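For reference, the structure discussed in these notes is given below.
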Amino acid sequence: MLDLTGKNALVTGIANNRSIAWGIAQQLHAAGANLGITYLPDATGKMEKKVSSLVEPLNPSLFLPCNVQDEDQTQATFDAIKEKWGQLDILIHCLAFAHRDDLMGDFSNVSRQGFQTALDISAYSLVSLARAAKPLMTAGGSIVTLTYLGGVRVIPNYNTMGIAKAALEMNVRYLAAEMGAQQIRVNGISAGPIRTLASSAVGGILDMIHHVEEVAPLRRTVTQQEVGSTAAFLCSDLSSGITGQILYVDSGYAIMGM
Ligand code: NAD
């Protein structure tokens, strides 16, 4: 049985009720996990308010600001986990960012700064969060990140984010190799296209979704809940032999040649 009772899980990347991280948090909660939630703070405090009322029904025992570009905030997040929980079992990395201009048109137009920002937030952040989580995962653990097919094949407009996802997927393998001896497993879920805040920045996202509905073996897109239940599986003992893998939750789309 999928049981996460007694497991402490940190979930990043909830912005609203369409976020994949929200689907994951709900599934982890349903399986009995004790949740810590981080949000991306803004100057107005709007995001804090919005995410805080959304996650209230899941009774998170930690609720913290964490901009992954801010090393001090990242450290403060893990200091709070150490103080409150002592031990961390699960880390969900479910965030990404690239400038809207870098998610359309000719890939070669990407600026150095745009490229660095996308790679920093979307790929390096997994390394920095995993590094901070490692000493707290004293009884082993599971780290799960979110990726997309555009990291292994060319998808129109995905552009710079595709490069970031390629780096992210390689991060999964290097981190899995490093942390396996400590029984920390690191895996990625490659989700099919879902309408969210982040995906709406990708040029032609609706066309991508309609294409999947026509071509994918299941003839539909996937839901946040389906990604969430796969994440719960990857965080549970049911997947104890799996690490360093990218698991496709995409209605089977990635197997198709035409
Ligand atoms: P979303 O907009 O709901 O989530 C993206 C999150 O990233 C937001 O919560 C945002 O606050 C956070 N974020 C951005 N910059 C940050 C920073 N500097 N520090 C901390 N957090 C930051 O969109 P989503 O689609 O749920 O995206 C979640 C993950 O799923 C991303 O990695 C995305 O690439 C991946 N993914 C999405 C799809 C899709 O079609 N929606 C498909 C495959 C993979």
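Cβ separations smaller than 9 Å between residues 6+ apart or across chains give the following pairs from region 35-56 residues that are more than 10 Å from the ligand (Cβ to nearest atom) to residues that are of a type in the set (F, W, Y) and part of a loop (DSSP other than H, G, I, E, B): G36/W85. Here the strands (runs of 3 or more DSSP E) wholly within region 6-105 that include at least 3 residues being closer than 20 Å to S239 by Cα are 8-11, 90-93. You will find that of I209, I194, I189, the residue that is in a helix (DSSP H, G or I) and either modelled with pLDDT of 95 or more or open to solvent by less than 80 Å² (accessible area, probe 1.4 Å) (or both) is I209 and no other.
Of all residues in region 9-21, those satisfying the criterion of being touching a strand residue (DSSP E or B) at 6+ places or on another chain (Cβ under 9 Å) and either open to solvent by 20 Å² or more (accessible area, probe 1.4 Å) or within 15 Å of the ligand (Cβ to nearest atom) (or both) are L10, V11, T12, G13, I14, A15, I20, A21. Applying the criterion of being more than 9 Å from the ligand (Cβ to nearest atom) and among the aliphatic types (A, V, I, L, M) to the residues of region 61-75, the residue that is nearest to L126 (Cα to Cα) is L64. Before we move on, is R112 within 20 Å of the chain's Cα centre (by Cα), surrounded by fewer than 18 Cβ atoms within 10 Å (Cβ to Cβ) and either at pLDDT below 95 or among the basic types (K, R) (or both)? Here the answer is no, as R112 does not meet what is asked.
When A31, A43 are checked against the criterion of being out of contact with any Lys or Arg (no Cβ under 6 Å at 6 or more places or on another chain) and closer than 20 Å to I184 by Cβ, A31 stands alone in meeting it. Taking the stated definitions as given, is V144 surrounded by 21 or more Cβ atoms within 10 Å (Cβ to Cβ), more than 12 Å from the ligand (Cβ to nearest atom) and under 15 Å from the mean Cα position of the chain (by Cα)? No; evaluated as a whole, the condition is false for this residue. Tell me yes or no: at least one residue of region 118-136 is in contact with a helix residue (DSSP H, G or I) (Cβ under 9 Å, 6 or more places away or on another chain) and outside any helix (DSSP H, G or I). No, every residue in region 118-136 fails to be in contact with a helix residue (DSSP H, G or I) (Cβ under 9 Å, 6 or more places away or on another chain) and outside any helix (DSSP H, G or I). If you check L119, L136, L149, L129 for being aliphatic (A, V, I, L, M) and under 17 Å from L234 (Cβ atoms), only one passes: L129.
The values are calculated or read from the model by the stated rules, or taken from the named source; none is laboratory data. None of the values given here were measured: they were computed from a predicted structure. Cβ coordinates were reconstructed from backbone atoms using ideal geometry, including for glycine residues, and neighbour counts include every protein chain displayed. Remember, those area values only see protein heavy atoms, side chains included, never the ligands or the DNA or RNA. Shrake-Rupley method; radii C 1.70, N 1.55, O 1.52, S 1.80 Å.
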